[in-house]
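Student: Would you mind keeping the following structure in view while I ask a few things?
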Amino acid sequence: MNFKQQRDNFRAKKISAVEAVEESLRKIKDDQLNIFINHFEQEALSNAMHIDNNFDDFIAKPLSGVPIAHKDIFCTEGLPTTCGSKMLENFIPPYDSTVVKNCLDAGSIMVAKTNMDEFAMGSSNETSYFGAVSNPWNHDLVPGGSSGGAAACVSANLTTISTGTDTGGSIRQPAALCGITGLKPTYGLVSRWGMIAFCSSMDQAGPFSRDAFGCAALLDAMASYDEKDSTSTKRQDINFEESLSKNFGSLKVGVIKNIQELDISEDVINAYETSKTVLTGLGHKLVEVDFSELSSGICSYYVIAPAECSSNLSRFDGVKYGYRSKGEKDIANLYMNTRSDGFGDEVKKRILIGTHVLSAGFYDAYYLQAQKVRRMIKLKFENFFKDVDLIFMPTTLDQAFEKNRKSDDPNRMYKEDLLTIPANLAGLPAISFPNGFKNNLPIAGQLIGKYFAEDLLLNTTNKIQEVTDWHKMTP
Amino acid sequence: MAQNDTLIKGWQPVIGLEVHVQLMTNTKLFSPAKNQFGEDANTLVDLIDLGLPGVLPVLNEGAMKQGIKFGLATNAKIAETMIFDRKNYFYPDLPKGYQITQLHYPIVRDGVVMVNGKKIRIHQAHLEEDAGKSMHDKYDDKSVIDLNRSGVPLLEIVSEPDIRSASEAVNYLKKIHQIITYLDISDGNMSQGSMRCDANVSIMKPEDKEFGTRAEIKNINSFKFVEKAINFEIKRQIKILEANGTVEQETRLYDSIKDETRSMRTKEFANDYRYFPCPDLVPTNITEELIESVKENMDELPEEKQDRFMSSYNLNEYDAGVICADKETANFFEKVVENADVQLAAKWIIGDLNALLNKHDMDLQESRIDAENFSELIQKITDNTISGKIAKEVLEEIWNTGAKVSEVIDSKGMQQISDAGELDNTIEIILNENTDQVNAYKSGKDKLFGFFVGQVMKATQGKANPRLVNELLKKKLS
């Protein structure tokens, strides 16, 4: 069952919200893939009952009667929010994130919170304090990260929608590896209030669903101008679900020139080539763009993101909330041991890198330089978009990989994000959708659009999904 | 440079001040929590002030407008775009692990203030948030933190090293105090910490081209201590250099009890604050329209007020200067003279009232004197109901009790005796009792006239109208 069927069933009173939640919870409790950090039976059932009792108020809402799982990076009032870390294992926020609140208002029912890389730092979901998540297609493989649990949840059909966050690919890469659709919106479209920060200038929340339709409906719920987030953008609301049926006409789609130079696997390239014929079949024109310089983005990302993370994670010091090491005699030891024990290795590594690149004597060479590269990439995209409406490229270099495989080679792991990072650096919207299969594992492509072109991205993906079946495959 | 009067033992002190001013806003710089002093600990705290995960700062525009006001008042450049930075360091009363401040793109730069006719340049003034308060002596075995102050807006005003003596530093600080209180952007209360001062002090030989190595003295909390701390520091540095030592670049703390500065940390142990632009706040544009609207709502500045007092009240420059030294006194004066003689009011405010305030180390607001009552006091002098001497007593009385001037005069029978018949009798008695002096006076000892006046005053408990006494005495003794 996909999102639309589930919502239609609720609206047609074929299934109540309580029944939908019960079914979802039953599957969640049977989960063997370690997808969830917490689930909330009582709260979910009482919310579902409230929706059933006020059916008329909710029938027209974008997510009416549909169970949802939130990435455990979104603060939930009165309910644990761990961010995948020992540091926040027992942290219960006294506030809801705007995303969680918006989804609740839109008629969805939160049933669980999903596993993730610790503080969203990772591309395999293996840095979670709560253990790795298995890929629903093959349990020996990773689901991708950092929103690995959220992608696996929809892929395994435990809920039809889930939320994630994408700082360097954390929605698109797990969507790709799990065979579902995931959208990273324009920076500023979805409020970051109550979403635990990793790299504030790139973090952006977005939807997961099996198809573009589910993503459109969830984005309708998630997106809002929020005066509590100074980086949130005030603009006219677009109804993304309605825009799915709009006719944007024939588009110019940028495709990667000399793709074989990019260290992308043959299977992924084959799927890419097939999708190009789908795009031309839909009446779009393909224009080659030179992507080579964009690969320098990865270097600037791995300076800027750790720099911001080192500052953002300073608040976790054992003084106010969260984990605190026991029996310390002075403040220096309290800080040191709390942070040494409370953070995992990947997080500590990035804090150290970030601290280094911001230090006196290194700032100009690293941080400032990285910001220049970032501006260069933004300009590059601006130039691309003078000629094209959308850019199409693979989401990942390869398919899902084995657990533990690459932990000895951090550079290889960081390179996983090569194709996703440029959109984050530029703040552009991008959608990943399944566009092929090999060895019973999904392959994905992504479309990148101009600022606030989510409607076009969803519409184009929807049109592709009307003529292809990759998104219908289930594990 | 003809400023040899500021040399000490042949050394030229060079001083720059960093003044932190707490702005009077309804809410904090980045959170909706109330900005107030003196509430119970940790009662004025929002999620944002606690540094909870995922919460975000939103700029208080009121604080920005106050910064603009200060810039306008000091003829400074107001930034077209200001940018907030994060200053990273760990401390328990800094919940986020960083302070949001402005490093490269402050709201105000290149200002100037006039201190006793000399220009002191302001390098910049920037907005930043205050930290919470750590208290280490409240309990034996633990330190406690009050976050009420966490996030309170500060304007940090950084002068150029244009100051040449401790007393000039104090005068500069008083000038800043005057400006911020006139603008109504801060109460400037140093004892409550709403105005705090760090002083950068170095010394050089007058012929030197470059400044000496400076020491920074942190957190000095009164005008008096600013002077003392700087003077101590100058002497300390002279002693070092004259013994052929070198002054270390370091941060020092002033101990007001021992009257000395002590090393806090040297340059090697200085924090690396790892400043970078705060990604949670977008660069803020300050438009011409905003500046204009701030300008329109700006109160009169000290110099403007002084000029107006000179022209419309006909006060001399000195009197106008003293009365306008603080806004409260100036406002008080204007209320008093609505119904009282201007020159007499000025004389009494500058003289007796100021003396009382100084003696009790109070400001007008803290005292029991209100303008209406004080105005009546001046009126009673003008209409001869009381003499100046009695007026002093009345003033003491209303200072102590807050009673109405008319009630004090009535209840104590302090009205001036201006009845010639009544005074005649008294004078008659006195002259009869002092025939020797009367004879001596008549034989040419003119100075004795004062003696007779004194006797009359004594007999009437000072209530006799002095002019009338003079008149009558002259008549009787001629």
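Student: Do you know the relative contact order of chain B, to the nearest whole percent, from alpha carbon pairs under 8 angstrom that are 6+ apart? Can you show the working numbers first?
Tutor: Numbers: 820 pairs, mean separation 63.8, N = 478.
The value is 13 percent.
Student: Let me spell out the model: positive unit charges on the Cβ of Lys and Arg, negative unit charges on the Cβ of Asp and Glu, origin at the Cα centre of the protein assembly as shown. What dipole size does that give, in debye rounded to 20? Walk me through the intermediate numbers first.
Tutor: Values: 107 positive and 136 negative charges, 264 e Å.
Dipole magnitude for the protein assembly as shown comes out near 1260 debye.
Student: Once the cut-off is 17 Å, how many percent of the Cα-Cα pairs in segment A:221-292 end up in the long-distance tail? The partial results should precede the final answer.
Tutor: Values: 1637 of 2556 pairs.
Roughly 64 percent, rounded to a whole number.
Student: Please average, across the residues of B:124-132, the number of beta carbons from any other chain that are within 10 Å of each residue's own beta carbon, and give a whole number. Walk me through the numbers before you get to the answer.
Tutor: On the way: counts 0, 0, 0, 0, 0, 0, 0, 0, 0.
Mean partner-chain Cβ count within 10 Å for B:124-132: 0.
Student: Report, to the nearest whole %, how much of the accessible area of segment B:4-293 belongs to carbon and sulfur atoms, 1.4 Å probe, protein only. Provide the component values of the computation, followed by the final result.
Tutor: On the way: 6120 of 12870 Å².
Accessible surface attributable to carbon and sulfur in segment B:4-293 totals 48 percent.
Student: Using only Cα atoms, tell me the angle between helix B:448-459 and the longest principal axis of chain B; keep it within 0 to 90° and round to the nearest 10.
Tutor: In chain B, helix B:448-459 runs at an angle near 80 degrees to the longest axis.
Student: Please give the peptides B:158-168, A:113-123 ranked by average Cβ packing (other Cβ atoms within 10 Å per residue), highest first, as a rough proxy for protection. Walk me through the numbers on the way to the answer.
Tutor: Numbers: B:158-168: 20.3, A:113-123: 29.8.
By packing density, highest mean first, the sequence is A:113-123, B:158-168.
Student: Bins of 5 Å, beginning at zero and ending with the bin holding the largest distance: percent of Cα pairs per bin for segment B:375-469, please.
Tutor: P(r) for segment B:375-469, in whole percents per bin: 2, 13, 22, 19, 15, 11, 8, 6, 3, 1, 0.
Student: Counting other C-beta atoms within 10 Å, and keeping those with at most 11, which DSSP coil trypsin sites (Lys or Arg not before Pro) do you find in segment A:166-215? Can you show the working numbers first?
Tutor: Details: sites: A:ARG172, A:ARG192, A:ARG210; in loops: A:ARG192, A:ARG210.
Loop-located and lightly packed - none at all.
Student: For B:LYS138, go through the aspartates and glutamates and keep the ones whose alpha-carbon is under 16 Å away, minus same-chain ones fewer than eight residues off.
Tutor: List returned: B:ASP40, B:ASP93, B:ASP146.
Student: Just the projected area, averaged over all directions, of the convex hull on the alpha carbon atoms of segment B:332-389: how many nm²? All intermediate terms of the calculation are to be shown ahead of the outcome.
Tutor: Details: hull surface 15.0 nm².
Across all orientations, segment B:332-389 yields a mean hull projection of 3.8 nm².
Student: Continuing with the same structure: In what sequence, highest mean first, do A:155-166, A:38-49 appear when ranked by Cβ atoms within 10 angstrom? Display every interim value, and only then the final one.
Tutor: Working: A:155-166: 28.0, A:38-49: 17.1.
So the peptides A:155-166, A:38-49, ranked by packing, come out A:155-166, A:38-49.
Student: Summarise the partner chain shielding of A:70-82 as one whole number: the mean count of Cβ atoms from other chains within 10 Å of each residue's Cβ. Working shown, then result.
Tutor: Values: counts 0, 0, 0, 2, 1, 5, 0, 0, 0, 0, 0, 2, 0.
Across A:70-82, the average partner-chain Cβ count within 10 Å equals 1.
Student: Filter the trypsin sites (Lys or Arg not before Pro) in segment B:54-140 down to the DSSP loop ones having no more than 14 other Cβ atoms within 10 Å, then list what survives. Working shown, then result.
Tutor: Values: sites: B:LYS65, B:LYS69, B:LYS77, B:ARG86, B:LYS87, B:LYS96, B:ARG109, B:LYS118, B:LYS119, B:ARG121, B:LYS133, B:LYS138; in loops: B:LYS96, B:LYS138.
Passing sites in segment B:54-140 are B:LYS138.
Student: Follow-up. Select from segment B:1-55 those trypsin sites (Lys or Arg not before Pro) which occupy a DSSP coil region and have at most 15 other Cβ atoms within 10 Å, ordered by residue number.
Tutor: B:LYS9
Student: While we're on this one: Quick check: pseudo-label points 7 Å beyond the Cα along Cα→Cβ at B:ALA459 and A:LYS472, how many nm apart are they?
Tutor: 12.6
Student: So how far, in whole Å, is the C-alpha centre of segment B:202-230 from the one of segment B:293-369?
Tutor: Measuring centre to centre over Cα atoms gives 33 Å.
Student: Now for a different question. Whole percent per 20 Å bin, from 0 to the bin with the longest distance: what is P(r) over all C-alpha pairs of the protein assembly as shown?
Tutor: 12, 34, 26, 17, 7, 4, 1
Student: Quick one: what Rg and Dmax do you get for segment B:300-411 from the alpha carbons, in Å?
Tutor: Cα-based Rg and Dmax for segment B:300-411 come out at 13.5, 43 Å.
Student: Here's a follow-up. Can you pull out the buried accessible area for chains B and A, both sides counted, probe 1.4 Å, rounded to the nearest 100 Å²? All intermediate terms of the calculation are to be shown ahead of the outcome.
Tutor: On the way: alone 24700 and 18180 Å², together 40200 Å².
Looking at B and A, the buried total is near 2700 Å².
Student: Next question. Mind checking B:273-286 for the average number of partner chain beta-carbons within 10 Å of each residue's beta-carbon? Each step should come with its number before you reach the end.
Tutor: Working: counts 3, 14, 3, 12, 4, 5, 12, 9, 3, 5, 0, 1, 0, 0.
Neighbouring Cβ atoms belonging to other protein chains average 5 per residue here.
Student: May I pose another question? Taking only the alpha carbons of segment B:4-293, what extent do you get along each of the three principal axes, in Å, biggest first?
Tutor: 56, 54, 32
Student: Under a straight-distance cross-link criterion of Cα-Cα below 21 Å, which lysines are reachable from A:LYS326, leaving out those fewer than 8 residues away in the same chain?
Tutor: Within the straight-line cut-off, A:LYS326 pairs with A:LYS86, A:LYS348, B:LYS142.
Student: Now for a separate question. Quick query: amide H of B:GLN124 versus all other amide H atoms, modeled in the peptide plane; which residues come in under 5 Å with a sequence gap of 5 or more or a different chain?
Tutor: Residues meeting the criterion, in which the H sits 1.01 Å from N, are B:ASP110, B:VAL158.
Student: If you don't mind, another one. Multiplying the sequence separation of B:ASN221 and B:GLU207 by 0.36 nm and subtracting their Cα-Cα distance, what value in nm do you get? Write out the running numbers ahead of the final one.
Tutor: Details: separation 14, 0.36 × 14 = 5.04 nm, distance 3.35 nm.
Net length gain for the segment: 1.7 nm.
Student: What number in nm² do you get for chain A if you take the convex hull of its Cα atoms and divide its surface by four? Let's see the in-between values first.
Tutor: Numbers: hull surface 85.5 nm².
So the mean shadow area of the Cα hull is 21.4 nm².
Student: Pairs A:LYS276/A:LYS463; A:LYS71/B:LYS87; A:LYS450/A:LYS472; B:LYS380/B:LYS463: which exceed 23 Å Cα-Cα?
Tutor: Over 23 Å Cα-Cα: A:LYS71/B:LYS87; A:LYS450/A:LYS472.
Student: More than 19 Å apart: what percent of Cα pairs in segment B:420-477 qualify? Let's see the in-between values first.
Tutor: Numbers: 296 of 1653 pairs.
I get 18 percent for the Cα pairs in segment B:420-477 exceeding 19 Å.
Student: Report the far tail of the P(r) of segment A:124-164, meaning the percent of Cα-Cα pairs longer than 13 Å. Present the calculation step by step, with values, prior to reporting the outcome.
Tutor: Details: 374 of 820 pairs.
That tail contains 46 percent of the Cα-Cα pairs.
Student: Please give the contour-minus-distance gain from B:THR382 to B:ASN354: 0.36 nm per residue of separation, less the Cα-Cα distance, rounded to one decimal in nm. Present the calculation step by step, with values, prior to reporting the outcome.
Tutor: On the way: separation 28, 0.36 × 28 = 10.08 nm, distance 2.01 nm.
That pair, B:THR382 and B:ASN354, stretches by 8.1 nm at full extension.
Student: With everything on Cα atoms, drop me the angle between helix B:388-401 and the longest principal axis of chain B, reported from 0 to 90° to the nearest 10.
Tutor: Long axis of B:388-401 versus the principal axis of chain B: about 50 degrees.
Student: Through the Karplus equation 6.51 cos²θ - 1.76 cosθ + 1.60, θ set to phi - 60°, convert the phi angles of segment B:413-422 into ³J(HN,Hα) values in whole Hz; use x for Gly and Pro.
Tutor: Values per residue, Gly and Pro as x: x, 8, 4, 5, 8, 10, 8, 4, x, 4 Hz.
Student: Convert each backbone phi in segment B:31-40 into a coupling constant with the Karplus relation 6.51 cos²θ - 1.76 cosθ + 1.60 (shift: θ = phi - 60°), then list the ³J(HN,Hα) values in order as whole Hz, x for Gly and Pro.
Tutor: Each residue of segment B:31-40 in turn: 9, x, 5, 5, 9, 9, 9, x, 7, 4 Hz.
Student: Angle between the Cα long axis of helix B:223-242 and the longest principal axis of chain B, 0 to 90 degrees, nearest 10?
Tutor: 60
Student: Moving on to the next point. Would you pull out the residues with amide H under 5 Å of B:CYS197's amide H, same chain only if 5 or more places away, H placed 1.01 Å from N?
Tutor: Long-range HN contacts for B:CYS197: B:HIS20, B:ASN219, B:ILE220.
Student: Mind listing the long-range amide H neighbours of A:ALA444? Cut-off is under 5 Å, sequence gap 5 or more, other chains count too, H placed in the peptide plane at 1.01 Å from N.
Tutor: A:THR395, A:THR396, A:ASN435
Student: While we're looking at this one, here's another question. Quick one, what does Rg over Rh come out to for segment A:141-190 if you take C-alpha atoms and the Kirkwood Rh?
Tutor: Numbers: Rg = 10.1 Å, Rh = 10.6 Å.
Computed over Cα atoms, the ratio is 0.96.
The values are calculated or read from the model by the stated rules, or taken from the named source; none is laboratory data. Worth saying up front: this structure is predicted, and the values here are computed from it rather than measured. Every residue, glycine as well, gets a Cβ built from its backbone with ideal geometry; the counts of neighbours run over all protein chains shown. Side chains included, ligands, DNA and RNA excluded: accessible areas come from the protein's heavy atoms. Shrake-Rupley method; radii C 1.70, N 1.55, O 1.52, S 1.80 Å.
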